[in-house]
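Student: This is the structure, below, for whatever I ask next.
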Ligand code: G
Ligand code: G
Ligand code: MN
Ligand code: NA
């Protein structure tokens, strides 16, 4: 079957779910954020990776419905998780260009937040450089209104897209996520190490929090800590998992 037909069925049959990967404050070890990552468990084919269907969902516009569902789910889940954790935590949701450009994106997000009964401060939106590159005149206004309402904005996969430092000045970002391509070699490649240090220093001087993605080894974590990185995400610390699995582990993070 064609991917788009399968995907339409998946939406109708509720085959899509949201998993969460924990992110930790490097200095304190506290769980601070959960990144929402969509998962598709096909009844016959098993798990289908987002890379295989997100692009199709973007092309066909199905991402608009899928994206709304993920946002709603993420807000509902984080409320429940905070209640169990007895501590605030943010939920970070990936936003694709098509979803962002659909019109009144800011109003839609704020509406979903309100309907789920959480405050905007618990939501973080991950925006890629690719989205900013499209340079729509409305982009700045949408981001500014979301930031003003209290939603956090992070720039995702930093350094891999069409990195332009002007984005950091033009838009109200709070967080910069260093792409895992740089983190991967940070302990044994001096150029990666230099880039990571430079990105952290730049982010600090712009008052942005820095997240390192793809942390898989203790050595990488130690290096990041030494260079002042704020938050770590990666398989070393926790894989994306279902709400049930997260709930079962939550006592470790209280
Ligand atoms: O775990 P990982 O394989 O989940 O994700 C692969 C890619 O899919 C990443 O680039 C991630 O940003 C993207 N992705 C995961 N969930 C979502 C989602 O809910 N919306 C969008 N737009 N992208 C997502
Ligand atoms: O593009 P984005 O950063 O949104 O995607 C997050 C993706 O990174 C997800 O696919 C998630 O499963 C993956 N990921 C998270 N931690 C690690 C890690 O330590 N190593 C690798 N290889 N991938 C990771
Ligand atoms: Mn992301
Ligand atoms: Na990323």
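Student: Can you go through 157, 102, 185 and tell me which one is under 27 Å from residue 229 (Cβ atoms), more than 19 Å from the chain's Cα centre (by Cα) and either within 16 Å of ligand 1 (Cβ to nearest atom) or at pLDDT 95 or above (or both)?
Tutor: Exactly one of 157, 102, 185 is under 27 Å from residue 229 (Cβ atoms), more than 19 Å from the chain's Cα centre (by Cα) and either within 16 Å of ligand 1 (Cβ to nearest atom) or at pLDDT 95 or above (or both), namely 185.
Student: Name the one entry in 200, 211 that is away from ligand 2 (no atom under 16 Å from the Cβ) and in contact with a strand residue (DSSP E or B) (Cβ under 8 Å, 6 or more places away or on another chain).
Tutor: 200
Student: Take residue 148 and decide whether it is modelled with pLDDT of 95 or more, under 25 Å from residue 210 (Cβ atoms), assigned to a helix (DSSP H, G or I) and away from ligand 3 (no atom under 16 Å from the Cβ).
Tutor: Yes; evaluated as a whole, the condition is true for this residue.
Student: Something else: Only helices (runs of 4 or more DSSP H) wholly contained in segment 54-121 count here; list those with 2 or more residues that are away from ligand 4 (no atom under 16 Å from the Cβ) and surrounded by fewer than 20 Cβ atoms within 10 Å (Cβ to Cβ).
Tutor: The qualifying helices (runs of 4 or more DSSP H) are 62-85, 105-116.
Student: Scanning segment 179-194 for residues that are assigned to a helix (DSSP H, G or I) and within 19 Å of residue 26 (Cα to Cα), which turns out farthest from ligand 3 (Cβ to nearest atom)?
Tutor: 193
Student: Hey, another quick one. Does segment 44-53 hold any residues that are assigned to a strand (DSSP E or B) and within 16 Å of ligand 3 (Cβ to nearest atom), and which are they?
Tutor: none
Student: Residues 155, 211: which one is in a strand (DSSP E or B) and closer than 20 Å to residue 133 by Cα?
Tutor: 155
Student: Step by step: first the residues of segment 220-229, then only those that are in a loop (DSSP other than H, G, I, E, B) and surrounded by fewer than 21 Cβ atoms within 10 Å (Cβ to Cβ), then the one that is nearest to ligand 2 (Cβ to nearest atom). Which residue is that?
Tutor: Going through the qualifying residues, I end up with 227.
Student: Which one is nearest to ligand 2 (Cβ to nearest atom), of the residues in segment 122-138 that are part of a helix (DSSP H, G or I) and surrounded by 20 or more Cβ atoms within 10 Å (Cβ to Cβ)?
Tutor: 131
Student: Restricting to segment 160-175, name every residue that is within 12 Å of ligand 3 (Cβ to nearest atom) and modelled with pLDDT of 95 or more.
Tutor: Selection gives 175 alone.
The values are calculated or read from the model by the stated rules, or taken from the named source; none is laboratory data. Note that the coordinates shown come from a computational prediction; the quantities given were computed from them, not determined experimentally. Here Cβ is always computed from backbone atoms with ideal geometry, including for glycine, and neighbour counts include all displayed protein chains.
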